[in-house]
Each structure stands twice: as C-alpha cells, then as structure tokens.
Amino acid sequence: MAETYFTVLLSVVCGTAVACVLGILPGLHIYNVMGVLVLGVLGLAKDGVSVPPEVYLPAMIGMVVGWSVVNTIPAVLLGAPDESALFTVLPGQKYLMGGRGFEGTMITAVGALAGAWFLLAVVAPCAPVFLPVAQQVLKGHMHWILWIIITFMLMSEWPKGGNRGEAGWAKFFDAWKSLLVGLATFLLSGLLGFVLLTSSPVSHDVAFQNIMPAFVGLFAVPWCLLNMISAASVPPQRLSKSLDVDGDVILRSVWSGGLGGGVAAYFPVITGGVGGMLAGHACAQREERVFIMGQGVSKFIYYVGAMMLLFVPGLHLTRGGGAWMVKTLYVPAGVSDYFLVLGSIAVSAGLSYLAMEPLARLVVRFVSRFDYRHVSTFALCVILLVVLLVTGWTGLFIAAVATGIGLLPVLFGSRRLNCLGILLLPVACNMSGFGSRITGFLGLT
C-alpha cells in the first residue's frame, strides 16, 4: 500500500513538472502532449507491457492541473493565449505594457488556486449527490440549450465601425465588416468541423487526436504568426513583492470564474472562452483584478473540472479532450478512483502555484533579454513538430487550412471565439437530429 501511495505521488509530481515546463511555451496545448503519452501507453499495451493506472492517471491529472495554472505566463507575458484565455489577454496585456506583467500572472495564479479550493471544498462533496440528478433532468434538453448559447455568442458581437465616414454602402460595410467576418468564421470553422468529425482524413490510429491539428491552426498558429510580425516592444517589467488583492476580490472572482468554468466543464463543447463570456455578462464584474483573477478560476475549473466529472460516482461524464483521452485508457471503477483524482488535484495545484513565481520571474528575465518574436518562432516550430509527429503530413495540411480560417478574426478584428464553430455547429446539429442531413448534403457520408 505504501508503494502505491509513493507511485501515485511520484506520478503527480512528474506530470506537474512536465506541465510546468511546457506551460511556459506560447501556443502549445497540454492535450497535444497528453496525446503522445496516450499513444505510448497504448503502444506498450500492444507489446504486452501493461502500465498500471496508478502511474498514468495521476500523471495526466498533474499535467492538466499544472498546465491550467502555469499557462497564464505566456498568455500575459508572451501574448499567445489559447482560446480559454481570450478574456485574460486584454487586461493582461494592459498590465504587461504598464510594466506589471509579473503582477498580472500572479493574480491569475491566485485565481487558479482559489478555483482549486472551490472545486475540492465545494464542488467535489456535492457532485456525487446533485450532478447525477441534474444530468437526468437536463440530458434531454442539451440541444436547445446549446443553440441558445450559440445564438447569444453570435448576437453579442456588435458592429465595431461605422460611426464616422462617408455615408451609404461604404459606411454600412465598415460598420458590419467585423460582424460579417465573425459569422463567416463560425460557418467556415463549422464546415471544417463537419469534415473532421464525420470523415476525418487523420489515421484511425490517432483518431482521438483528429481535431487537434485544427485547433492548432485556429488558435495557436495565428497568434504565433502575429507575434512574429509584430513591431511592438515590451517595456521593462517590475517584479512586485505583493499583490493588490483581498478577500472581496477573491470571492467575486470565484463567483464569476466558477460560474463560467462550471458551465464550460458541464455542458458539452462549451469551452472556457464561451463560459467566461457568459459569466461576464451574467455577473457584470468590471474591475480589472476581478476580471483577471476570475479567468484564472474559470480556466482551472474548466480544464480540471471537466476531467473530474469523468470520475464522479454515478455520473461519469466525458467532457473535454482530457477526459476523452483518459477514457481511451481507463474506465473509472468507483469511489476510490474519485478520491485518487481529488488527491492528485490537490497536490498538483499546490505544486503548480509554488512553481508560478520562479517560472514567471524566469520568463520576465528571458523577455528582457530576448525578443519575444524569436520565442514565438521557436514555439511555432515546436507546435508544428508535435502535429507532424502525432498526425503526420495530413495533420499539417489540416492545420494549414484551419490557420486560414483562424487568421480571419485576427486580421479583421472580430471575436476569435467564433472559431469554436468547429465544435459547436456540428455537435448542435447532431444533437438536434439533422446533422446526418447536412453531412449527406455535403457528401461526407
């Protein structure tokens, strides 16, 4: 028994350490690396070598927890966020351009730690009691809830131009340019999603990673390219010794971030960015510190909570890429697995938070010495190499097509959340019962 405890603890520490190292690279998602781990475990199983779940489960939990905490550093200091950090970028870059990037990263880290407390102390004890009942009530209504969320997401993007200039059609198109590009982005990404989810060209050996190249192209590559061609210079950063936060800020952050992350973790294909948008409108928290810290809470609960739902007794929901990858290796058996996951989350969250300050200081010194455009170039090479190793040249082609779609909101100033049409549109159509008609019309059946 003592050996099992030591194995679990060692696996959590190793997974967290890997995530902390990878988390400071801009644009690299931890799910891409977890896919390599899954392939390794499956390969060993084919060779007759069985890896016990006490080894890979805590490691995977540690990787998700560590990445959800540490990945704030490139989101703020290097300007290459994933889609779940989109709402952190503007206030975070405001801190960065004011020389307070280190403070911005640590405020978000406090939010992640508060999210871990909320998940373990509030959600975890209540989840086995209430969530199975809620799932029975809501499972027949998910389709129209998803359509309402899509409608709100598209309608909440207002025209950004058209206040001044020549009257007539020119003024009309100037006003509606970003909105029309947003709709086009949503539809094009949705069409790509239909192709990948129904007849993906990716090899069946890595079928669980068939959507990964598209996400890399939609979100990671455009931001790396934008950083590489950017002419902006980052001012010297101050290493503050304290954070201007108190209990009121933390509680308001947990309220808004917990709502956004919880919605994203529970409802299918609703990601952290969409959940954060809904929570922002619902809670109306305008203060910058609450805004940044709340996104730390939201991101933690979204990624970690989605994996935790797979292990909740009586529920076993599969939400998010991490849960899908775990399910390819292991099916939760009972309460003991639930406690194993909760303990792994607690240990990894504490270690990740302790690692945040030295890692943030390291990146601040790195940014002061090297041009972050070169860092983004290196990150882009790493990302494309991972895509090539996991999905081959076919994956690189998919990433290139997705990059063309992902550049639309970057070039025309529309909302990048519209790229999530790659999941939202196909899943909403399939849940509503007419997805097969669309795939038949597109010739994908």
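Each label point was placed 7 Å from the Cα along the Cα-to-Cβ direction; for PHE441 and GLU288 their separation is 4.7 nm.
If we sort 210-221, 58-69, 8-19 on the protection proxy, mean other Cβ atoms within 10 Å, highest first, what's the order? Spell out each step's value before the answer.
Values: 210-221: 26.4, 58-69: 28.9, 8-19: 21.2.
Sorting 210-221, 58-69, 8-19 by mean packing, highest first, produces 58-69, 210-221, 8-19.
Over the chain, dividing the summed -39,500 (n - 2.57) contributions of all DSSP H runs of at least 4 residues by the number of residues returns a 222 nm mean residue ellipticity of -24500 deg cm²/dmol. Extension gain for VAL36-ILE148 works out to 36.7 nm (0.36 nm per residue, less the C-alpha to C-alpha distance).
Around the amide H of VAL312, modelled in the peptide plane, lie the amide H atoms of LEU317, all under 5 Å away and 5 or more residues distant in sequence or on another chain. The count of lysine pairs in the chain whose Cα atoms are under 28 Å apart, excluding pairs fewer than 8 places apart on the same chain, comes to 12. Working from label points 7 Å from Cα in the Cα-to-Cβ sense, the VAL133 to LEU362 distance is 4.7 nm.
Dipole size of the chain about its Cα centre, with +1 on Lys/Arg Cβ and -1 on Asp/Glu Cβ: approximately 760 debye, rounded to the nearest 20. Modelled spin-label separation between THR318 and PHE6, with each label point placed 7 Å from Cα along the Cα-to-Cβ direction: 3.6 nm.
At 10 °C and a viscosity of 1.306 mPa s, what translational diffusion coefficient does Stokes-Einstein give for segment 2-441, taking Rh as the Kirkwood radius over Cα pairs? Give it in µm²/s as a whole number.
Numbers: Rh = 22.1 Å.
So the translational diffusion coefficient is about 72 µm²/s.
Every number here is computed from the coordinates shown, using simple stated rules; none is lab data. The structure displayed is predicted, hence computed values, not measured ones. Cβ sites come from the backbone with ideal geometry, for glycine too, and all protein chains shown count toward neighbours.
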